[in-house]
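Asks: Structure provided below as structure tokens; questions to follow.
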Amino acid sequence: MAHPLKHAQSSARKFGGRAEDYLPIHNWFDESKAFLADFRHRALRHHAEGIFLAEKLFGVAIANSDGNQVPVRYVGEQHVKEDLGRIPTAQDWLLQIKPQRWMYGQRLDKETTSTKEELV
Ligand SMILES: [Zn+2]
């Protein structure tokens, strides 16, 4: 599943109401595609911590157009499971990063292309 509207339609089938009720939550999960237009964008929000962040942003529950309260966490879990088949942790994503020198604070020396540690 890819487009937020498809996730929202799935939410309406699962929790009732209309797709529009859920679209802001699904749009939020996939907004990171603006930073990187392939599947790797999911590393920013498609994990357990992302689901809890969605709950902080949207509240514990939303009222759908049927008048029912739907937990935001359930909507987030549905989104991540539909995309990934499971709910990873942020650590699952972060451990896949290939470390680079600049990531731990060493600067690349432009003249020699070697690295040089800060002595300050
Ligand atoms: Zn997604």
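The values are calculated or read from the model by the stated rules, or taken from the named source; none is laboratory data. From a predicted model like this one, the values you see are computed outputs, not experimental measurements. Heads up, the Cβs are rebuilt from the backbone with ideal geometry, glycines too, and the neighbour counts pull from every protein chain shown.
Asks: Show me the helices (runs of 4 or more DSSP H) entirely contained within the stretch 1-77 in which 2 or more residues are within 24 Å of L95 (Cβ to Cβ). If you could, list the steps in order and put the result at the bottom.
Replies: Details: elements: 4-15, 19-30, 48-58.
Counting at least 2 such residues, we get 19-30, 48-58.
Asks: Next question, about the same structure. K33 fails exactly one of the following numbered conditions: (1) at pLDDT below 95; (2) more than 10 Å from the ligand (Cβ to nearest atom). What is the number of that condition?
Replies: (2)
Asks: May I pose another question? Look through the stretch 48-68, keep the residues that are within 12 Å of the chain's Cα centre (by Cα) and away from the ligand (no atom under 12 Å from the Cβ), and return whichever of them is surrounded by the most Cβ atoms within 10 Å (Cβ to Cβ). Even if it seems obvious, please write down each step before you answer.
Replies: Restricting attention to the stretch 48-68, the residues satisfying the condition of being within 12 Å of the chain's Cα centre (by Cα) are 48-54.
From what's left, away from the ligand (no atom under 12 Å from the Cβ): 48-49, 52-53.
Values: A48: 17, E49: 13, F52: 13, L53: 15.
Checking each candidate, the answer is A48.
Asks: Additional query: Just to verify a result, which residue in the stretch 13-23, among those that are in contact (Cβ under 8 Å) with a residue 12 or more places away in the chain and at negative phi, is farthest from the ligand (Cβ to nearest atom)?
Replies: R18
Asks: May I ask you to list the residues in the stretch 69-92 that are within 12 Å of the ligand (Cβ to nearest atom) and either among the basic types (K, R) or modelled with pLDDT under 95 (or both)?
Replies: The answer is K81, and nothing else.
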